Amino acid sequence: MEIQDLMREIRKNALERIERRSPYDLATTWSQEDLFYSGRGKAIFMILPTSGCAWALSESGGCTMCSYIADSPLEDVPADILTDIFKKFIEKYEINEKTAVKIFTSGSFLNNEEFPKEARLEILNILKHEENIEEIVVESRPEYVTENVLEECCKASGDKIFEVSIGLETADDYIRKYKINKGFSKKDFENAINIIKKMKTSCNIKSKVYLLIKPILTSEMDAIEDAVKSAQYAEKIGIDRISFCPATIHKGTLMELLWRRGSYQPPWIWSILEIIKRVRSSVKIPVIMDTSGFGTRRGPFNCKKCNSKLKKMIIESNLNQTIPDEFECECKNRWTVDVEFSNVTRSTISPI
Ligand code: SF4
Ligand SMILES: [Zn+2]
């Protein structure tokens, strides 16, 4: 069966089970310490629900690891509702120190069909007038990164850093196409990055890449190699910042289906540590490792004795960009064996 047929079927079943909720119920915000281009600061995160990722709703069925569509109202969200939610959220915070605002839409902020232009520009304009806001971070697929839309955003956000984050997931076109079903090539990604680079002469724009650690049907060893190579590629083509997303099992995805069959496990935290060590030694741009889901049944896992200690070390390493100190735990031997034999066991995974 083709991966897109399978994804379409899985997505259809997942969408049928979704309990419809209003944009107000689905929206959420929180804040935490984060790394800025200028050092540590406070980041405000906002999830503003839109009609849903156009790629996930298309005939493609979307990406194999992503269930963000389940957090969408699945109908157009008008501009005034989006700006109203945003205003209610921003009012909750006292912005009296260096702050970044990260707007997540579970899709593409730059796609007019998902996020109405008026709402986009009004929100950016509000942020432009907040003195202590240094960075505005949004996410988009590369096909929506155009000179036109970036020019509008840059104008609306003034001299703030405007960062566009794109989920390339891997530098390997084969993995992205057949294991992630991402629907765009490295060339598409590079075109978007070139547009961003071109805009740098006239505005304070930056690019970030999301890289997925351990897509489905990938051995522990290959996952480490792919992550390191992808980070090196990102630096080489001029990306400003890297954010690694170690896989966690989302509900209603192909990844979950394989996991339930025993054919997939999220990466070991040891693998993540190995990636951090190798990437920090070979890549100079800032690299952040997402730690959500660490130590849970559906996320990256070592053993109960060391999960939380390692999570803390990785969060600290995100903030100071250093390589975590050496650390030992008895579970490390099992990881070593898993890495050494992972390319042998991979062949036992039954075809989909
Ligand atoms: S990972 Fe991004 S592009 Fe893929 S389905 Fe999820 S939101 Fe859409
Ligand atoms: Zn352990």
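The values are calculated or read from the model by the stated rules, or taken from the named source; none is laboratory data. Treat the numbers as computed from the prediction; the structure is a model and nothing was measured. Every residue, glycine as well, gets a Cβ built from its backbone with ideal geometry; the counts of neighbours run over all protein chains shown. Quick note on the areas: whole protein, heavy atoms, side chains included, nothing else; ligands and nucleic acids left out. Shrake-Rupley method; radii C 1.70, N 1.55, O 1.52, S 1.80 Å.
Worth pointing out:
- Probe 1.4 Å - accessible area at LYS177, Å² to nearest ten: 120
- Overall, the accessible surface of the range 217-346 at a probe of 1.4 angstrom is composed of carbon and sulfur to the extent of 54 percent.
- Protection proxy ranking of 64-70, 192-198 - average other beta-carbon atoms within 10 Å, highest first: 64-70, 192-198
- Alpha-carbon centroid distance for the pair the range 49-99 / the range 201-262, whole angstrom: 21
- Sorted largest first by accessible area at a 1.4 angstrom probe radius, with every protein chain in place, the residues ASP71, ASP240 fall in the order ASP71, ASP240.
- Placing +1 on the Cβ of every Lys and Arg and -1 on the Cβ of every Asp and Glu, with nothing else charged, gives the range 86-145 a dipole about its Cα centre of roughly 120 debye.
- Note on LYS284 and GLU340: their simple-model spin labels are 3.8 nm apart, each label 7 Å out from Cα toward Cβ.
- Whether the range 134-271 is rounded, prolate or oblate, judged on the alpha carbon gyration tensor where a/c under 1.5 counts as rounded: prolate
- Farthest toward the positive end of the dipole of the chain, out of ILE161, SER308, ILE126, is the Cα of SER308, where the dipole comes from beta carbon charges about the Cα centre.
- Alpha-carbon centroids, the range 1-24 and the range 115-158: separation in whole Å: 30
- Compared with the dominant Cα axis of the chain, that is its longest principal axis, helix 220-236 is turned about 40°.
- Neighbour cut-off at most 12 other Cβ (10 Å), DSSP loop, trypsin sites (Lys or Arg not before Pro), the range 231-325: LYS251, ARG261, LYS284, ARG297, LYS304, LYS305
- Normalised by the number of residues in the chain, the average gap of Cα pairs under 8 Å and 6 or more apart makes the relative contact order 14 percent.
- Estimated at the nearest 10 Å², the accessible area of GLU330 is 130 Å² with a 1.4 Å probe.
- For the chain, a crude dipole built from +1 on the beta carbon of Lys and Arg and -1 on the beta carbon of Asp and Glu, taken about the Cα centre, is about 880 debye to the nearest 20.
- Å² per residue, accessible surface of the chain at 1.4 Å: 45
- Ranked order, LEU6, LEU127 - accessible area, probe 1.4 Å, largest first: LEU6, LEU127
- Residue pairs, from the table LYS98/LYS309; LYS236/LYS312; LYS42/LYS198; LYS229/LYS312, whose Cα atoms sit over 32 Å apart: none
- The label point for GLU9 and the one for HIS129, both projected 7 Å from the Cα toward the Cβ, are 5.4 nm apart.
- When +1 charges are put on Lys and Arg Cβ atoms and -1 charges on Asp and Glu Cβ atoms, the dipole computed for the range 122-240 relative to its Cα centre reaches about 380 debye.
- Mean separation of Cα contacts under 8 Å (6+ apart) over length of the range 147-282, as relative contact order %: 24
- Using just its DSSP H runs of length 4 or more, each adding -39500 (n - 2.57), the chain gives a mean residue ellipticity at 222 nm of -12000 deg cm²/dmol after division by all residues.
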